[in-house]
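Worksheet: the structure to be examined is printed underneath.
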Amino acid sequence: MITTRAAVLTEVGRPLLLTDIHVDDPEPHEVRVAVTHVGLCHSDLHYMTGTVESEIPVVVGHEVAGVVESVGSAVTDLKPGDRVTSALTPSCGQCANCNAGRSTQCQRQTEIRRRPRPAYSLPDGTPVARLGDVGAFSEHILLRANAAVKLPDDVPTRVGCLLSCCIVTGVGAVFRGAQVRPGSTVAVIGCGGVGSAIIQGARLAGASAIVGIDLDDARLKAAHEYGATHTINGAGDVRAEITELLGDGVDYAFEAVGSARTAATALAIVRATGTACLVGIAPDGTDVPVPASDFFFSEKRLIGSYMGSGQAREDIGQFARLYQRGRLLLDEMVTDVIPFEAINEGFEAMKSGDVTRIVVAMPTSSETEVTQ
């Protein structure tokens, strides 16, 4: 067991508390990682604001990269010093969904993540939960070995952390979830971090038109840099503007906001036989009202995509190679790199449309891209 510094959510709606916690030694199939960089994700805000329930106290954060510090007795494919990012959906490799290539829906997640004692605790012994069994806002974390993915030497952890959530979720939704076909037309509602990744995925998939939709003009401007061919401000009549641009609608619409209104909009703007894909996390209890006629007469499809709908370890490796070849823009997505002590200010800054992704550089980082 080691003592380390973490940003702990002790009360919903309150800033994260930077305090000491104990991090347990690795179990046989675990590794302990010295965190170098963590991305700030809107999913974290759901738990911090209470729109999605979580245990309290909890260490949130999940978009993480770092260096393996120690390994459990059964770990053979990782060693201290390996640079890794995380896969939030480790595969048991045995259930029907994992065998079908859908590890995001592993049927044994509860079983394989069970530990004999808490991974994190306060100095007084109080257990501390960790979001997604990661809890990345900590200088040291525990991961299951099959949730740690090696990073190539020329992929900095400053951008490598984005691969673990933002990129695998957005690009994966395009290729694995909706299976966008070359030459098709795509709309993306919500052009923040995940939306920007979806736009890039659509570009890589060979979409003939990519429409970015957002309420913030700064995000719409950035959407063009990632591959959007058109942009629409969502304050207007989105369906009418899509019709004017592309005729009877788009082949695929992706919702990356997490609201009933934008989910309904996604279904409304796809043409007959088109696919609307929900990627954004909606608050607990959200229901999406949709017209039944869209399914019976128009044969539209409404699907969900969680964490890229595929095999996270394999996909992260492929996306890292796309970055190495200059085809996937990651450096451009990092708006700012801030020190750990400024994490609460970083979440405040996320409200600005000028922000795609803010990355926290931990004190354990040897990289020097921190800006004040």
- Note on the structure: Considering residues that are more than 27 Å from R108 (Cβ to Cβ), touching a Gly at 6+ places or on another chain (Cβ under 9 Å) and assigned to a loop (DSSP other than H, G, I, E, B), the number found within segment 146-169 is 1
- Have a look at G172, G132 and point out the one that is in a helix (DSSP H, G or I), open to solvent by 30 Å² or more (accessible area, probe 1.4 Å) and either within 30 Å of E255 (Cβ to Cβ) or at pLDDT below 95 (or both). G132
- Looking only at helices (runs of 4 or more DSSP H) that fall completely inside segment 277-372, which ones have 2 or more residues that are closer than 23 Å to G132 by Cα and touching a helix residue (DSSP H, G or I) at 6+ places or on another chain (Cβ under 8 Å)? 312-324
- Message: So if I check each of D315, D354, which one is closer than 28 Å to L204 by Cα and touching a strand residue (DSSP E or B) at 6+ places or on another chain (Cβ under 9 Å)?
- Response: D354
- Query: Given L328, L322, L267, which one is modelled with pLDDT of 95 or more and either of a type in the set (S, T, N, Q) or open to solvent by 20 Å² or more (accessible area, probe 1.4 Å) (or both)?
  - Reply: L322
- Message: within 30 Å of T231 (Cα to Cα) and under 16 Å from the mean Cα position of the chain (by Cα): is that true of V180 in this structure?
- Response: no
- Out of A218, A187, A197, which single residue is open to solvent by less than 20 Å² (accessible area, probe 1.4 Å) and assigned to a helix (DSSP H, G or I)? A197
- Note on the structure: Among residues of segment 35-45 being open to solvent by less than 30 Å² (accessible area, probe 1.4 Å) and not polar (S, T, N, Q), the residue nearest to the chain's Cα centre (by Cα) is C41
- Note on the structure: Sole miss for S91 among (1) under 19 Å from G172 (Cα atoms); (2) surrounded by fewer than 19 Cβ atoms within 10 Å (Cβ to Cβ) is condition (2)
- Message: For a quick check of your reading of the model, give me the residue pairs whose first member lies in segment 284-302 and is on the phi > 0 side of the Ramachandran plot, whose second is of a type outside the set (K, R) and surrounded by 10 or more Cβ atoms within 10 Å (Cβ to Cβ), with beta-carbon atoms closer than 7 Å and at least 6 apart or on different chains.
- Response: E299/A272; E299/T273
- Task: Output the residue which, of all residues in segment 295-309 that are of a type in the set (G, A, S) and surrounded by 21 or more Cβ atoms within 10 Å (Cβ to Cβ), is modelled with the highest pLDDT.
- Result: S305
- Message: For segment 121-151: of the residues being out of contact with any strand residue (DSSP E or B) (no Cβ under 7 Å at 6 or more places or on another chain) and touching a residue at least 12 places away in the same chain (Cβ under 8 Å), which is nearest to L18 (Cα to Cα)?
- Response: T126
- Message: All but one of (1) farther than 29 Å from T85 by Cβ; (2) open to solvent by less than 30 Å² (accessible area, probe 1.4 Å) hold for F254; state the number of the condition that does not hold.
- Response: (1)
- Task: Please go through segment 52-82 and pick out each residue that is part of a loop (DSSP other than H, G, I, E, B), out of contact with any Leu (no Cβ under 7 Å at 6 or more places or on another chain), among the β-branched types (V, I, T) and open to solvent by less than 50 Å² (accessible area, probe 1.4 Å).
- Result: V52, V75
- Message: Residue pairs, Cβ under 6 Å, 6 or more apart or interchain, first in segment 236-256 and closer than 21 Å to L278 by Cα, second open to solvent by 50 Å² or more (accessible area, probe 1.4 Å) and not in a loop (DSSP other than H, G, I, E, B). List them.
- Response: D248/R271; G249/R271
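The values are calculated or read from the model by the stated rules, or taken from the named source; none is laboratory data. Given the structure is predicted, the values throughout are model-derived calculations rather than measurements. Positions of Cβ are backbone-derived with ideal geometry, glycine not excepted, and every protein chain shown enters the neighbour counts. The protein model used for the area step is the full one, side chains on, heavy atoms only, and it has no ligands, DNA or RNA in it. Shrake-Rupley method; radii C 1.70, N 1.55, O 1.52, S 1.80 Å.
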